[in-house]
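See structure below.
Every read-out reported here was derived from the displayed coordinates using simple, explicitly stated rules and does not represent laboratory data. Remember, it's a predicted structure, so these values are computed and weren't measured experimentally. Here the Cβ positions follow ideal geometry from the backbone for every residue, glycine too, while neighbour counts run over all protein chains shown.
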Amino acid sequence: MMFHPTKHPTSSPKARTTLNAQALACRRGQRFLFAGLDFSLEHGRILILRGPNGSGKTSLLRLLAGLSRPEAGQLFWCGMAVPPSGAGLSEQVHYVGHSSGMKAAFSVTDNLRFWARYLGGAEDRLEASLEALDLEALAHLPVGALSAGQQRRVSLARLLVAPRPLWLLDEPTVALDSDNQHRLTGLIQTHVQNGGMAVIATHTPLGVDGANLDLRDFQPEAQHMAHDPLLAFED
Amino acid sequence: MLAAFFSLILRDMRLGYAQGGAAGLVIAFYAITISLFPFGVGPDAEILARIAGGVLWIAALLAALLSLDRMFQADFEDGSLDSLTLGPLPLSLVALAKALAHWLSMLLPLVILSPLFGLMLHLDGASMRVVLIALLVGTPALSLIGAAAAALAVAVRRGGALIALLVLPLYIPTLIFGVGAVEAVSGLGSVSANMSFLGSLSLIFAVLGPLAAGGALRLALE
């Protein structure tokens, strides 16, 4: 059931990891968020998801993380089809969503140490991860006592404690000040220079080179008008 | 995979005793519920000793229930559950680890304290030993059944009442054999037969509970 295609790019920098999607479709209730979505992502590249609120950016990221299943279509990891059942890509990806995934009662260090152990990372990366996000001074504070931007940095530090080839970032700049946005840009650039990949949903320019994918291009034409019972009554 | 499993158990046990954790609450609830009975049925030692087995068991069921609703909900709300699915464990093993942590941090202290409360209810030495062993063998089923119900109600606001409705009927067999073991000390039936049933219930739900919980969590994430 488990899907173990290749080693991490950090352990073997020449690994040719690729991610391809063919005719992906995602449905929420009666409405298709997107359909016929194709893209391909090579190692060392970044895909930037664009589109207005509700266009399916988060849904696509969760779908890539294996948190939900596509309505139709197929994902390929290094050319191999990802089986729809089973763990999928889950052990190849990091997903940083809107919520931090950290326990408010635990300190920054305790939270990150848990994720390092749980996600199969090394605890000796902990110090470097704290440093990379300028969290050393906050390391012993409970996460619940931190500001929104500081909590966001803690959840970004999880990307570094357990190296994984594909980063899925959902609005990673939210609540970050400009210094920390630059820090984030640097982290993403280092990640892809080492052969990693990233799919990023964002509304603010990140200053990284990446292919743009606008989800509006894959919206089925006006289909939701016909199916939405609330809109139908308005005529 | 084993390292992830044990680190999750350890984290959840620590959470139970951290600020905002439910472990202290559960133990206090257990103590207060039991101490209500001498007030309710009177201080007659004979009557209290007769109902003591049932009282200890029912208080344990209710105390277990009290702490179930947050078993997965906290992780669901703060996004931890998303990241837990990205580790090496399938969701059913995540559920098993969390159910074990629930038992170790919430119910095992109750089991250890139960002789103290047995004393308060005038339970004699032989029965006390049986109660202690019966609770030790039977209470894992409470956490394991509870895990399935807590996973089903994970996305429900105020899911506590829903969990109680789902879980209490499933607790009845454990209650029957748990009390049966204590009654058997005074001659009604066999202690070991009741113990065997308790043990088998815990083992059956060690398989069924996490599997059901894993499926329910998968649905909740979509």
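The string of couplings for the range B:170-176 from the Karplus curve (6.51, -1.76, 1.60, θ = phi - 60°) is 6, 7, 4, x, 4, 4, 4 Hz, one whole number per residue in order, with x for Gly and Pro. Here's how it looks for A:R27: its modeled amide H is under 5 Å from those of A:L33, A:E71, which are all 5 or more places away or on a different chain. May I ask for the angle, rounded to the nearest 10°, between helix B:108-120 and the longest principal axis of chain B, with both axes built from Cα atoms and the value confined to 0 to 90°? Once rounded, the angle reads 20 degrees. Between A:Q189 and B:L165, the FRET efficiency from the beta-carbon distance, with R0 = 45 Å, is close to 0.25.
Round to the nearest 10 and give me the degree value, 0 to 90, for the angle of helix B:91-102's Cα axis relative to the longest principal axis of chain B. Taking the Cα atoms of chain B, the angle to B:91-102 is about 40 degrees. Between A:F39 and B:S196, the FRET efficiency from the beta-carbon distance, with R0 = 56 Å, is close to 0.45. One decimal place: the segment A:R50-A:R16 gains 9.6 nm when fully extended, by the rule 0.36 nm per residue minus the C-alpha distance.
Set the Förster radius R0 to 30 Å, insert the Cβ-Cβ distance between B:V156 and B:S35 as r into 1/(1 + (r/R0)^6), and round the FRET efficiency to 0.05. Computed FRET efficiency for B:V156 and B:S35: 0.40. Ordering B:I47, B:L84, B:F29 by the projection of their Cα atoms onto the charge dipole of the range B:1-113, which places +1 on the Cβ of Lys and Arg and -1 on the Cβ of Asp and Glu, puts B:I47 at the extreme positive end.
Report, for the protein assembly as shown, the % of DSSP beta bridges that are antiparallel, rounded to 5. So the antiparallel bridges amount to about 50 percent of the total. Taking Cα centre as origin and charging only the Cβ of basic (Lys, Arg, +1) and acidic (Asp, Glu, -1) residues, the dipole magnitude of the range B:2-221 rounds to 260 debye. For the range B:2-221, a Kirkwood hydrodynamic radius built from all Cα pairs, placed in the Stokes-Einstein relation at 20 °C and 1.002 mPa s, yields a translational diffusion coefficient of 121 µm²/s. Rounded, prolate or oblate for the range B:106-222? Axes are the square roots of the Cα gyration tensor eigenvalues, ordered a ≥ b ≥ c, and the cut-off for rounded is a/c under 1.5. Taking the square roots of the gyration eigenvalues as a ≥ b ≥ c, the range B:106-222 is prolate. Per-residue Karplus couplings for the range B:158-167, computed as 6.51 cos²θ - 1.76 cosθ + 1.60 with θ equal to phi - 60°, are listed in order as 6, x, x, 5, 4, 4, 4, 5, 6, 8 Hz, Gly and Pro entered as x. Starting from the Cα of A:A139, step 7 Å along the direction of its Cβ; do the same at A:A211; then give the gap between the two resulting points in nm. That separation, rounded to one decimal, is 4.0 nm. The alpha-carbon atoms of the protein assembly as shown define a convex hull whose volume equals 167 cubic angstrom per residue. For chain B, a Gaussian network of Cα nodes joined below 10 Å ranks B:S80, B:S196, B:S143 by mean-square fluctuation, and the top entry is B:S80. Estimated translational diffusion coefficient (Stokes-Einstein, Kirkwood radius over Cα pairs, 20 °C, 1.002 mPa s) of the range B:44-85: 166 µm² per second. Projecting the Cα positions of B:G146, B:L100, B:L119 onto the charge dipole of the range B:75-222 (unit charges on Cβ atoms of Lys, Arg, Asp and Glu, taken about the Cα centre) puts B:L119 furthest along the positive direction. Give, as ranges by residue number, the residues of the range B:166-181 whose backbone N falls under 18 Å from the point 7 Å along Cα→Cβ of B:L208. Backbone N within reach: B:166-178.
Output the 0 to 90 degree angle, nearest 10, between the alpha-carbon long axis of helix B:45-66 and the longest principal axis computed from the alpha carbons of chain B. On a 0 to 90 degree scale, this one is about 0.
The distance linking the range B:173-195 with the range A:119-152 is 52 Å (Cα centroid to Cα centroid, whole angstrom). With distances taken between every two different alpha-carbon atoms, the range A:102-163 has a Kirkwood hydrodynamic radius of 11.0 Å. Taking a ≥ b ≥ c as the square roots of the eigenvalues of the Cα gyration tensor, the range A:84-214 is classed as oblate, since a/c reaches at least 1.5 and a/b does not exceed b/c. Taking a ≥ b ≥ c as the square roots of the eigenvalues of the Cα gyration tensor, the range B:1-120 is prolate, since a/c reaches 1.5 or more and a/b is larger than b/c. Across all directions, the average projected area of the convex hull around the alpha carbons of the range A:29-123 is 8.5 nm².
Amide H contacts under 5 Å for A:G196: A:G44, restricted to partners 5 or more places along the chain or on a different chain, H placed in the peptide plane at 1.01 Å from N.
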